[in-house]
1. Taking a cut-off of 29 Å between Cα atoms, list the lysines near residue 188, but don't count ones fewer than 8 places away on the same chain.
2. Going by the alpha-carbon gyration tensor, a ≥ b ≥ c the square roots of its eigenvalues, is the stretch 80-199 rounded (a/c under 1.5) or, if a/c is not under 1.5, prolate (a/b greater than b/c) versus oblate?
3. Given H placed 1.01 Å from N in the peptide plane, which residues other than close sequence neighbours of residue 203 have an amide H under 5 Å from its amide H?
4. Quick one: grab the alpha carbon gyration tensor of the stretch 1-97, order the square roots of its eigenvalues as a ≥ b ≥ c, and give me rounded if a/c is under 1.5, else prolate or oblate depending on whether a/b is larger than b/c.
5. In degrees between 0 and 90, to the nearest 10, how far off the longest principal axis of the chain does helix 93-104 point, with axes built from Cα atoms?
6. Order these by the 10 Å Cβ neighbour count, fewest first: 187, 151.
7. Take 233, 63 and order them by how many other Cβ atoms sit within 10 Å, fewest up front.
8. ³J(HN,Hα) across the stretch 33-50 via Karplus (A = 6.51, B = -1.76, C = 1.60, θ = phi - 60°), whole Hz, x for Gly/Pro?
Amino acid sequence: MFHICKGPVAQRLPTPGSAIGLVLPNLPAVAAQLEQLRELIGNVKVAYITPEVLQVTDPHGQCYMVHAHSQFPNFAADRGIVYLQLPCFVGTAAEIARFYSTLLGSPIRVRTQDQQQAGQPIQAEVNMGHPGTKLIFQERKELGSTFTEKDVLRLFSGWHMAFYVADFSGTYSRLRPLLFNNHPYKDKVYNFKDALNFHQYRFQDIVQLPASGTLEDRKGGSLPVLYRISHECRSTAHPNFLRCLFNR
């Protein structure tokens, strides 16, 4: 689901190359409705990339790729968020995928230099949350391969995403060193009892894991930050799990 943002500055995914991938059952109806809403929400660009893909750009420059369900037959619903496509620094996609695989148990697929087709970027796909939903991290030459933590933070505008995990206690234990509580919400988590009480915990930084794959093995120093996303990690006991939340 999408939350309606409040505040003077729009939150949007980083550029270049970001996109929110949606599956909807009727693309012509979506295009027609957006045309009718232009006067209310501002300059919205709508264009068919193929008969089954509609590209929508909102007034803030955020790109939405709206797909027919036939393009994602493994997506369990006829509508929903099917992927987030995010740009990352050259040389980081595989390490980002390893972070999710090791600490969250996410199935991953990395397209390497040898596997990529001409003109396509190296990318990592991370499956998580709703069946068929994934994060796509694409390496962008525009961002370069040399970066600092400040460069990583410049890509982040404060947006967050929520997802559900079956192994709630295991993921909490592995991610505990990265717990994030500097947020405006009530669900501050300082121990596993708090996490159980709120049915969720939060973390932000995606770091380069040591060879051991554990966050505790830092050898006295901090781990390099590869990316930042505000993750809202929920258990299947959360009251919103499997609730239909569209058109509310």
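No lab work stands behind these numbers, since they all come straight from the coordinates. Since we're looking at a predicted model, the values are computed, not measured. Please note: Cβ atoms are built from the backbone with ideal geometry, for glycine as well, and neighbour counts cover all protein chains shown.
1. In chain and number order, the partners are 6, 134, 150, 219.
2. Since a/c reaches 1.5 and a/b is larger than b/c, the shape of the stretch 80-199 is classed as prolate.
3. The list, which skips near neighbours in sequence, is 180, 231, 233.
4. Oblate.
5. For helix 93-104, the angle is close to 70 degrees.
6. Taking fewest neighbouring Cβ atoms as first place, the list is 151, 187.
7. Lowest count first: 63, 233.
8. 5, 5, 4, 5, 8, 3, 5, 8, 10, x, 6, 10, 9, 10, 8, 7, 7, 9
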